[in-house]
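Take a look at the structure set out below.
The values are calculated or read from the model by the stated rules, or taken from the named source; none is laboratory data. Just so we're clear, the structure is a prediction, and the values are computed from it rather than from any experiment. Positions of Cβ are generated from backbone atoms using ideal geometry, with glycine treated the same way; all protein chains shown enter the neighbour counts. Quick note on the areas: whole protein, heavy atoms, side chains included, nothing else; ligands and nucleic acids left out. Shrake-Rupley method; radii C 1.70, N 1.55, O 1.52, S 1.80 Å.
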Amino acid sequence: MKNLTIENITNACGGTYHGDPSLLAKEVSMVTIDSRRLADDCLFVAIHGERVNGHKFIPDVIRQGALCAVSEEDLGETSDPYILVDSTAQALLDIAKLYRDSFDIKVVGISGSVGKTSTKEMIASVLSQKFNVHKTQGNLNSESGLPLTVFDLREEHEVSVLEMGINHFGEMRKLSTVASPDICVITNIGVAHLEFLKTQEGILHEKTQMFQDMKNGGSIIVNGDDPLLAELGPVKGVQPIFYGTSSGCSVSASGIVPMGLRGTSCIIHTPIGEFDCTVPTPGMHMVSNALAGAAVGYVMGLSCEEIKAGIEHLPFLPGRNNIIQTEKSIILDDCYNANPVSMKAAIDVLNLGIGRRVAIVGNMGELGENAGNLHREVGAYLAQTGVDAVFAVGDLARSITDGFQELAPKRCARWFASNEELIPLLKDLIQDGDNILVKASNSMHFSEIVSALQNL
């Protein structure tokens, strides 16, 4: 891997090398934190995980061909080559920073309370019309995930689109220091991380720390429809570019026409022109994502034709606003994650469906002491917007059914303790022609429900 010799790695993470000096000039073939994913001459970084301490695998990975290990434990008398550091978690970030800086590449950094992944996919789809794009895969957006994403960079890449997920103070700078973004995108300031960041102002403060690591001459792109982001002024002499439907947004949409679950048509306006466009995934939040993509495309020098093609050829992702049509029903598979804002946005999409509208919803995590009320509000929103039936799963989700039944006592609502209780009953609960939303926090494993619905 470019620039990743054992000597450079040791210097980057302030470590002390123990082992054969002849190895110092050798480059590692890959960097891994998973003892099950090895390659000859790889670097193994031993992480103290929630369940497993990676240090116990160091002897085995060296025997299996790893060139060197990074450890925060003194391994004593051993011939196994390793780099001793104070923190392997920090070392992983430091090594990723070394690797990222070895590339002359434009980086788009994305953060926000809701919609990071779908916005990342939209931006990558737009930029891929002109560039070879590297992007975050899956949910690798954390202190361990972001470095692993960076290690996938290769010489052929021209742009990297990096998603950055945080939920504690101090985390953003750890990620943005590695990313060193040229373009900073913030989707919104919601309530997704109130358990640790306490207030929306706290979330705003932490998310905008990304700007401190923006490259000179960089760009800031934020959602002008978000009340807190709309108040942002110049940062480090850079005037933010606002996207949205509010006045004052330089990248905006008009003539918005919902097309049911087939998407939304609109006219997108940019500083270089306007164009008719069909956003292929339904929901106003996807129009917002398209505007973010258009804003980044504009900054990166794409034409209106290229931006339009990128938006209209957005690929679908399992678990994220993915429309699945079966012989029996239409499934809105949005089960990757959930918080009150994204839940309500998904409900709005469900209500575009023609026919009976069914919500299969579950626990939303990281909501702190107000979790019960926030779940109850989602239930009330389901009732107010006219959803016909609600099937809720999980201890917290009981409050969803409570909120729904308070306002719609005659409509169908049932609560289940687990997926295992619900799935066998789906064949009786689901009717032909139903439009079905499936959404909960990732820990609820609602992909099991999506699979069961597809097999009805």
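Identify which of the listed values of semi-axes √(5λ) of the Cα gyration tensor in Å was calculated from the structure shown: (1) 93, 21, 17; (2) 42, 31, 23; (3) 40, 28, 20. Only one listed value fits the structure, namely (3).
Label-to-label distance, ASP74 versus ALA417, with points set 7 angstrom from Cα along the beta-carbon direction: 5.1 nm.
Counted over the chain, the DSSP beta bridges are approximately 30% antiparallel. Looking at segment 166-274, the accessible area is 41 square angstrom per residue; that uses a 1.4 Å probe and ignores ligands, DNA and RNA.
On the beta carbon distance between GLN212 and LYS2, with R0 = 30 Å, the FRET formula returns roughly 0.70. Please identify which residues in segment 416-436 have an amide N closer than 14 Å to a label point set 7 Å out from the Cα of GLU327, following the Cα→Cβ vector. Backbone N within reach: 432-433.
So in segment 228-377, what percent of DSSP beta bridges are antiparallel if you round to the nearest 5? If I count the DSSP bridges inside segment 228-377, around 85 percent turn out antiparallel. Distance between Cα centroids, segment 272-317 to segment 325-377: provide it in whole Å. So the separation of the two Cα centres works out to 25 Å.
For LEU407 and ASP348, the FRET efficiency from 1/(1 + (r/R0)^6), where r spans their Cβ atoms and R0 equals 25 Å, is about 0.90.
Using a probe radius of 1.4 angstrom, the carbon and sulfur fraction of the accessible surface of segment 391-441 is 49%.
Please give the contour-minus-distance gain from ALA230 to GLU274: 0.36 nm per residue of separation, less the Cα-Cα distance, rounded to one decimal in nm. Provide the component values of the computation, followed by the final result.
Working: separation 44, 0.36 × 44 = 15.84 nm, distance 2.25 nm.
Going from the current span to full extension adds 13.6 nm.
For the residue pairs LYS106/LYS439; LYS215/LYS308; LYS26/LYS116; LYS97/LYS344; LYS135/LYS174; LYS130/LYS328, the alpha carbons lie more than 30 Å apart in LYS106/LYS439; LYS26/LYS116; LYS97/LYS344; LYS130/LYS328.
Between the beta carbons of SER22 and SER246, assuming R0 = 56 Å, the FRET efficiency works out to 0.35 to the nearest 0.05. Computed extension length for LEU429-HIS313: 38.3 nm, one decimal, from 0.36 nm per residue of separation with the Cα-Cα distance subtracted. Compared with the direct C-alpha span, the chain from THR385 to ARG51 gains 116.0 nm at full extension, assuming 0.36 nm per residue. Each peptide in 115-122, 270-277 gets a packing score, the mean of other Cβ atoms within 10 Å over its residues, and the list from highest to lowest is 115-122, 270-277.
Per residue, segment 291-355 exposes 38 Å² of accessible surface when a 1.4 Å probe is rolled over the protein heavy atoms with every protein chain present. Using Cα centres only, tell me the gap between segment 397-436 and segment 38-62 in whole Å. Centre-to-centre distance over Cα atoms comes out at 44 Å.
Over the chain, DSSP H runs of length four or greater, each weighted -39,500 (n - 2.57), average out per residue to a 222 nm ellipticity of -8500 deg cm²/dmol. DSSP bridge analysis restricted to segment 167-256 gives an antiparallel fraction near 10%, rounded to the nearest 5.
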